[in-house]
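Before any comments, here is the structure.
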Amino acid sequence: MLSSTFQDLRYALRALLKHRNFTAAALLTLALGIGINTSIFTLLYSVAVRPLPVKEPDRVVNVYQTLEGEYSRQVEGSVELLSYPEYLNYRDRVGGLSDLAASADIKLYLGGDSVERINGLMVTDNYFTLLGGGSAFGRTFFDKECQTPLQCPVAVLSHSFWERRFGSNQSVIGTSLMLNRQSFTVIGVAARDFHGAEMNVPDVWIPVTMQPALMPESKFLTLPDCSWLSVVGRLKENVSVPQLQAEMQLVAAQMDQEYPGRKSVVNVMPGSYLNSPEVRNEGLPIALLVMAAVGLVLLIACANVSNLMLARAAARRKEIAVRLALGASRWRLIRLLLTESLLLAILGGLAGLFLAVFVPPILLSVIPEAGLDIDFTPNATVFAYMFSISLITGVVFGLAPAIQSTKPNLTAALRSTRNRPRVSRPHLRNLLVIGQIAVSLVLLIGAGLLARGLHRAQSTDLGFDQKNLVVLSMDLATQGYNEARAATLHGQLSERLKALPGVRSVSLAQTVPFTGGRDETIEIEGGETTAQGSAQSVSANEVSAEYLQTLGIPLRRGRYFTDEDARSGASPAVISQAMANRFWPDPTGPLARRFRDRAGQSHEIIGVVADISSRQIGKLDGPYFYTPASPDKLVGHSFVLRTNGNQGGVVSAVREVARSLDKDAFVSVEPLELNVRRELEPARMSAWFSGTVSLLALLIAATGIYGMLSYHVVERTSEIGIRMALGAQRRSLLLLIVGDGMKLAGIGTAIGLVAAIVVTKVMSSLLFGVASKDAWSDASTFAVVSIGALVVALLACYVPARRATKVDPLVALRNE
């Protein structure tokens with residue numbers, strides 16, 4: 001058995017080397033199909049499954065905690081994060097852990113000649129020792145060195161940040177850094193290969209116990225019920241993940257007794273970058289959709305190679321008939337042909353593995369996120385996936401040709417002395433071409449709808465005029481400003497900004513469009529209730545008197561705010577039309593009605609404005625209310641300016657004015673349209689990726705049509721010669737051969753359109769604000785994509801057809 005297998009391999013290798021054109025075409029097709037699948041698998045595996053690049057990664061785990069029921073807590077980041085007291089409780093009481101560390105991202109502003117915003121990570125002092133992170137020089141934190149709050153102002157620099165900012169100068173050890181206006185002593189530079197447990201490598205690590213100094217407005221260290229810390233642990237020897245989770249769940253149940261109505265659920269996951277239940281639940285459908293798309297590309301590649309194999313098998317009909325006549329079993333021949341298919345698939349997979357090395361970093365490079373450093377080096381898991389998919393591919397494209405070619409008519413095959421077979425009815429080859437066109441059209445229409453959705457999202461009406469708006473943010477809360485100092489700065493800054501040439505209006509807002517938002521729970525006063533109950537969740541914003549006019553939000557009823565409203569302390573409210581429709585749909589309307597927020601503040605409605613989109617493009621915000629910003633509470637507010645159009649000059653002038661008032665403050669001045677572009681970045685990336693994959697699929701399908709017709713022309717050389725000898729015109733022959741190919745393309749297009757309509761319903765939730773009914777009614781997308789696919793198919797048909805019309809009738813008849 002072993003010797004026959006080696007014999008089959010030698011024969012297959014000789015056959016592939018003998019037919020180099022066929023082998024090159026098949027290998028290129030398979031390398032693209034298998035390579036793009038392996039590349040996407042490598043990308044997903046590296047960010048969600050691959051163990052962290054740390055010491056003994058198989059013993060490192062991520063710990064998440066979620067709350068069931070209606071119990072609510074303060075959330076800073078994700079609901080699955082832990083509070084500092086909860087972290088200490090788990091660290092000290094869970095026996096299955098050899099150590100437990102915590103971390104949290106923080107925005108840091110590095111002082112100096114020019115203030116620079118850098119990425120910081122607050123960590124517990126055992127973070128480096130738990131993950132096995134050493135230093136290039138200097139040192140990292142000692143265990144139990146930074147237990148007391150505000151007593152450990154030290155910092156460890158990342159190797160890349162040290163090279164970029166300090167020019168690889170080792171004398172940086174012992175120097176001071178001004179971070180958020182607080183002095184920190186540099187004690188070390190981390191090893192070059194240490195990235196910690198974060199995809200986004202920080203510039204600097206600082207003790208988590210310094211949080212109150214860096215974020216004066218937030219006292220997270222003392223809050224027992226606030227989600228803000230990511231937690232990573234190291235298992236003790238012989239302790240499994242399920243055992244640790246059971247033990248931590250018991251400790252969580254004991255902590256829950258201090259909070260009536262709370263029930264915590266602990267999730268312990270093997271350490272990787274993105275493995276939290278929340279991320280997996282949100283990302284799994286997208287990952288499956290992406291894998292399905294590249295899987296369809298591989299299916300098209302299989303159909304293409306299968307067509308090539310069928311054409312080649314037809315040319316080998318006599319050889320196969322002779323083997324059968326000499327006593328070879330049909331199974332023996334099928335095995336021989338499958339060996340050739342599997343060898344071809346494995347070689348294609350190895351070629352595709354080169355794509356898996358280069359494509360993931362390229363895909364990651366288009367993500368507008370600095371500092372990402374992920375290892376995409378293929379490992380045993382990636383090799384196993386590539387090998388498995390290659391074997392499956394080899395069987396898929398090789399089985400049908402092997403079965404069909406081993407059941408010839410022996411008498412006819414042996415009687416024929418021609419090297420080329422007689423013209424047959426290539427039903428299977430035609431079906432494969434039709435399938436390629438249909439699948440390609442589904443992918444193309446999907447990409448077209450995504451591109452169409454992106455275009456609509458870019459041109460959608462946000463409910464306000466986004467052009468010529470500039471946002472000035474200074475993030476005073478992290479730079480040591482109290483309310484009184486912030487009020488003084490805002491007053492001076494507001495006066496100078498209004499005096500700048502080109503500035504039409506100046507306003508303040510707690511949150512500006514597409515930078516998050518604030519949710520509030522309100523109760524309707526006066527004994528009124530809604531159908532949903534008395535307590536309702538809505539969105540809210542604190543703004544200055546000019547904000548609504550600066551954005552150009554139309555007034556529907558009542559009036560806008562005035563400066564007197566902010567000074568009076570009466571706290572009136574202007575609500576959105578959606579809020580008015582939901583809570584006061586009666587003819588009397590909402591004006592002069594009252595409601596109370598969660599802090600107990602009562603608000604009287606003085607106006608109704610139009611609904612806008614400020615959180616998600618293409619989707620109106622829903623119930624929303626605005627209240628006047630108190631002049632004495634402006635620490636977290638940003639300026640929004642309306643300009644006359646010269647944004648470049650205004651941006652520079654605004655930055656200079658802000659720096660003149662506080663040269664050590666970090667100043668961010670950007671057009672509001674940049675926020676809109678960032679909001680659309682996921683849609684833009686999806687459209688780019690789907691378009692690339694779809695065009696690749698169409699290219700492979702067009703190659704399949706070209707190959708099928710090229711073989712068909714060779715197969716019909718004698719027929720073409722006879723037709724030309726009898727007076728057939730070249731144009732009629734051209735139309736005949738092109739018509740054969742276009743019939744298949746037309747059938748494939750029709751099937752693809754029906755399939756695309758079904759797929760559209762699934763994709764409607766991914767059209768970035770475009771409702772499914774809009775996608776269904778957008779016949780132009782279907783028409784343009786279908787016509788484009790048919791044009792490509794026509795070009796693929798024309799080249800071999802034109803070559804057929806140049807056949808010399810004498811040469812063709814002489815060969816006959």
**Fill in**
Residue ranges of DSSP H helices in the chain that stretch 30 Å or more (Cα, own long axis) and have mean Kyte-Doolittle hydropathy of at least -1.0 are 20-48, 277-315, 330-365, 380-405, 427-459, 681-715, 730-763, 779-804
**Request:** With label points built 7 Å along Cα→Cβ from the Cα atoms of Glu483 and Ser329, find their separation and express it in nm.
**Result:** 9.0 nm
**Distance from the range 461-476 to the range 720-763 (C-alpha centre basis), Å** = 53 Å
**Asked** Roughly how many percent of the accessible protein surface of the chain is carbon and sulfur, given a 1.4 Å probe and a whole-percent answer?
**Response** 58 percent
**Prompt:** Which order do Met269, Met474 take by accessible area at a 1.4 Å probe, largest first?
**Reply:** Met269, Met474
**Message:** Please report the spacing between the Cα centers of the range 386-406 and the range 134-202 in Å, no decimals.
**Reply:** 55 Å
**Request:** Taking the dipole about the Cα centre of the chain, with the C-beta of Lys and Arg at +1 and of Asp and Glu at -1, give me whichever of Ile787, Gly174, Tyr84 is farthest to the positive side.
**Result:** Ile787
**Fill in**
Highest mean packing first, using Cβ neighbours within 10 angstrom, the peptides 31-37, 199-205 sort as 31-37, 199-205
**Complete:** For the range 20-112, whose charge dipole is built from +1 on Lys and Arg Cβ atoms and -1 on Asp and Glu Cβ atoms, the candidate among Tyr64, Pro51, Val94 with its Cα farthest towards the positive end is Pro51
**Fill in**
Output for the chain (equivalent-ellipsoid semi-axes, sqrt of 5λ from the C-alpha gyration tensor, Å, descending) is 62, 36, 25
**Prompt:** Roughly how big is the range 500-643's charge dipole about its Cα centre, with Cβ charges of +1 (Lys, Arg) and -1 (Asp, Glu), in debye to the nearest 20?
**Reply:** 340 debye
**Prompt:** Roughly how big is the range 635-689's charge dipole about its Cα centre, with Cβ charges of +1 (Lys, Arg) and -1 (Asp, Glu), in debye to the nearest 20?
**Reply:** 80 debye
**Message:** If R₀ is 22 angstrom, what is the calculated FRET efficiency for the pair Asn644 and Glu673, using the beta carbon separation as r and rounding to 0.05?
**Reply:** 0.90
**Message:** Which residue, Pro360, Gly502, Leu591, has the largest displacement toward the positive end of the dipole of the chain when charges sit on each Cβ (Lys, Arg +1; Asp, Glu -1)?
**Reply:** Pro360
**Unit charges on C-beta of K, R, D, E only; dipole of the chain, Debye** = 5720 debye
**Message:** Under a crude label model (7 Å from the Cα following the beta-carbon direction), how far is Asn169 from Asp563 in nanometres?
**Reply:** 4.9 nm
**Prompt:** Using a basic spin-label model with each label point 7 Å from the Cα along Cα→Cβ, how many nm lie between Arg93 and Arg14?
**Reply:** 7.5 nm
**Message:** For the chain, what does the accessible surface come to per residue with a 1.4 Å probe? Please give it in Å².
**Reply:** 45 Å²
**Prompt:** In straight Cα distance, which lysines are under 16 Å from Lys619, not counting same-chain residues fewer than 8 positions off?
**Reply:** Lys773
**Difference of contour (0.36 nm per residue) and Cα-Cα distance, Val241 to His455** = 72.4 nm
**Item:** Isolated Cys residues of the chain, judged by Cβ distance under 4.7 Å to other cysteines
**Value:** Cys226, Cys302, Cys797
**Asked** How far is the Cα center of the range 629-676 from the Cα center of the range 50-93, in Å?
**Response** 37 Å
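The values are calculated or read from the model by the stated rules, or taken from the named source; none is laboratory data. No experiment lies behind these values; they were computed from the predicted model shown. Positions of Cβ are generated from backbone atoms using ideal geometry, with glycine treated the same way; all protein chains shown enter the neighbour counts. Just the protein is used for accessible areas: all its heavy atoms, side chains included, with ligands, DNA and RNA removed. Shrake-Rupley method; radii C 1.70, N 1.55, O 1.52, S 1.80 Å.
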